[in-house]
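Participant: Below you will find the structure I want to go over with you.
The values are calculated or read from the model by the stated rules, or taken from the named source; none is laboratory data. Being a predicted model, the structure only gives us computed values, none of them experimental. Quick reminder, even Gly has a Cβ in these numbers, built from the backbone with ideal geometry, and neighbours come from all protein chains shown. All accessible areas refer to the heavy atoms of the entire protein, side chains included, with ligands and DNA or RNA removed. Shrake-Rupley method; radii C 1.70, N 1.55, O 1.52, S 1.80 Å.
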Amino acid sequence: MKLDLYIPDKDKDISKTIAEKIKEADSAFITWHARPDGDAVGGGFALKKILEDSGVETEIISSCAPPETYNFINGINDVKTSVPADKKDLGFIIDCSDLKRLENVKGLIHKADTIINIDHHKLNHNFGDINYVRDYAASVCSLILNLALALDMDFDYDMALNIYVGILTDTNRFQEQNTTPRAHIVAAELIDKFINPVKISARIYGNQTVNTLKLIARALESLKFTPSGKACSITITPEMLKETDTANENLEGVINYARNIRGVEVGILMRKIDGLDGIKVSFRSKGAIDVGWTASRFSGGGHHNAAGCLIKGSFKEVKQKVVNVIEKQIIKASL
Ligand SMILES: [Mn+2]
């Protein structure tokens, strides 16, 4: 079925250029940032379908398996976790602002004749031969949708689902600053033709284990305000994970408890991730504070209201560093 959607003017030329590359190619890989989220996974599988429908043999390669939450996506177990020996015609790197974020599959950058970088992070490093980077896009799925439209593709349920999952999760259920008119227009068309939004929300947001809830209860005990009272942090230690028998997966949402407190402008989440040397720090802000900038001060990245970085040191040391920067930002914005 065709979708009643158009390609925005600013995206027309680039999506046609990439569509031509797809038509000429025989083989491709797709990869995304480490610990993929709904946008990476939805975008990856939507792009796989576009490529396969165009006769391109495609594999998805990821530094780690996708979160269990997205098990309902068709083919989700078909993700490889090692760099292939042979070189592909096209290599798509999606939703990834910086090659560092590919972690143990970063060797993929040498495994294609043409690297195509598709992303919506403002501080993208433009490492591709072709860079389709648009920070006004609600999600990477919105950009991949444009490729499908440029190729005049027929949509089916799986394709619609993958695009919808990316938009729904990256806008945090149509609540964040990237909730554009187009995000709503695309979602409306997908709902009109294919998607049951209640069912999909229940699969993603109404599917929490009781152990995760116990972990959240523990994590909330760690709530600490900064001196200004405008930022608030939550810490998840490896001990908390062990005691509640949970994995460090799908915990990004915990940060919203801190950010959503009345009077708080910035939420901070700190946790340790297996295999990463340092503390993973996530930031979420409500409005004026650009946490993408905050994260970039620590060699991280992200968006205006959602970002993250990795900082070496103990929880205490890292918190001190982060709080110093955030407090200065808050004072400067005189909130
Ligand atoms: Mn994204």
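Participant: With N denoting the number of residues in the stretch 86-174, provide Rg(C-alpha) divided by 2.2 N^0.38 Å, to two decimal places.
Facilitator: 1.14
Participant: Tell me, what is the 1.4 Å probe accessible area of Met1, in Å² to the nearest 10?
Facilitator: 100 Å²
Participant: Out of residues 5 or more away from Lys88 or on other chains, whose amide H comes under 5 Å of its own, with H placed 1.01 Å from N in the peptide plane?
Facilitator: Ala112, Asp113
Participant: Enter the Cα centre distance for the pair the stretch 270-335 and the stretch 156-228, rounded to the nearest angstrom.
Facilitator: One Cα centre to the other: 22 Å.
Participant: Quote to one decimal, in nm, the extra length available between Asn126 and Lys80 on full extension: 0.36 nm per residue of separation minus the C-alpha distance between them.
Facilitator: 14.1 nm
Participant: GluC sites (Glu not before Pro), restricted to the stretch 160-260: which are DSSP loop and have at most 13 other Cβ atoms within 10 Å?
Facilitator: The qualifying sites are Glu221.
Participant: Follow-up question, since we're still on this one. If I model a spin label at Arg262 and Asn207 as a point 7 Å from the Cα along the Cα→Cβ vector, what separation in nanometres do I get?
Facilitator: Simple spin-label model gives 3.5 nm for this pair.
Participant: Counting heavy atoms of the protein chains only and a 1.4 Å probe, report the per residue accessible area for the chain as a whole number of Å².
Facilitator: Counting only protein heavy atoms, the per-residue value for the chain is 45 Å².
Participant: Select from Asn250, Asn77, Asn126 the residue whose mean-square fluctuation is largest in a Gaussian network model of the chain (Cα-Cα springs shorter than 10 Å).
Facilitator: Asn77
Participant: Which percent of the accessible heavy-atom area of the stretch 210-332 goes to carbon and sulfur, probe 1.4 angstrom?
Facilitator: Answer for the stretch 210-332: carbon and sulfur cover 54 percent of the accessible area.
Participant: Related question: Kindly express, to the nearest 10 degrees and within the range 0 to 90, the angle between helix 181-193's C-alpha long axis and the longest C-alpha principal axis of the chain.
Facilitator: Tilt of helix 181-193: around 60 degrees.
Participant: How big is the stretch 9-205 by the Kirkwood estimate over distinct Cα pairs, in Å?
Facilitator: 16.4 Å
Participant: Grab the eigenvalues of the alpha-carbon gyration tensor for the stretch 210-332, scale each by 5, take roots, and send me the semi-axes largest first in whole angstrom.
Facilitator: Computed over the stretch 210-332, the values are 22, 16, 12 Å.
Participant: Report the label-to-label distance for Asp26 and Ile185 in nanometres (one decimal), using points 7 Å from each Cα along the Cα→Cβ vector.
Facilitator: A separation of 4.0 nm, rounded to one decimal place.
Participant: Shifting gears a bit: Give me the accessible area of Lys272, 1.4 Å probe, in Å² rounded to the nearest 10.
Facilitator: Near enough 80 Å² of accessible area.
Participant: Next up: Test of understanding: in a Gaussian network model of the chain with alpha carbons linked when under 10 Å, which of Asp86, Asp277, Asp135 would top the mean-square fluctuation ranking?
Facilitator: Asp86
Participant: Bins of 20 Å, beginning at zero and ending with the bin holding the largest distance: percent of Cα pairs per bin for the chain, please.
Facilitator: 32, 58, 11
Participant: Follow-up question, since we're still on this one. Provide the gained length on full extension for the span Asp192 to Asp245, in nm with one decimal, where the gain is 0.36 nm per separating residue minus the Cα-Cα distance.
Facilitator: Result: 15.0 nm gained on full extension.
Participant: Measure nothing but the geometry: give the 0 to 90° angle between the long axis through the Cα atoms of 38-53 and the longest principal axis through the Cα atoms of the chain, rounded to 10°.
Facilitator: 10 degrees
Participant: In debye, nearest 20: dipole of the chain around its Cα centre with unit charges on the Cβ of K, R (+) and D, E (-)?
Facilitator: Roughly 1720 debye, rounded to the nearest 20.
Participant: My understanding is that a pair violates if its Cα-Cα distance is over 28 Å; which of Lys214/Lys280; Lys21/Lys199; Lys12/Lys80; Lys214/Lys272; Lys122/Lys332; Lys23/Lys80 do that in this structure?
Facilitator: Lys21/Lys199; Lys12/Lys80
Participant: Something else about it: Which value at 222 nm does the chain reach when only helices count, each DSSP H run of 4 or more adding -39,500 (n - 2.57), with the total divided by all residues and rounded to the nearest 500 deg cm²/dmol?
Facilitator: -11500 deg cm²/dmol
Participant: Considering only protein heavy atoms, with the full assembly of protein chains and a 1.4 angstrom probe, order Tyr136, Tyr257 by accessible area, largest first.
Facilitator: Sorted descending by solvent-accessible area, the residues read Tyr257, Tyr136.
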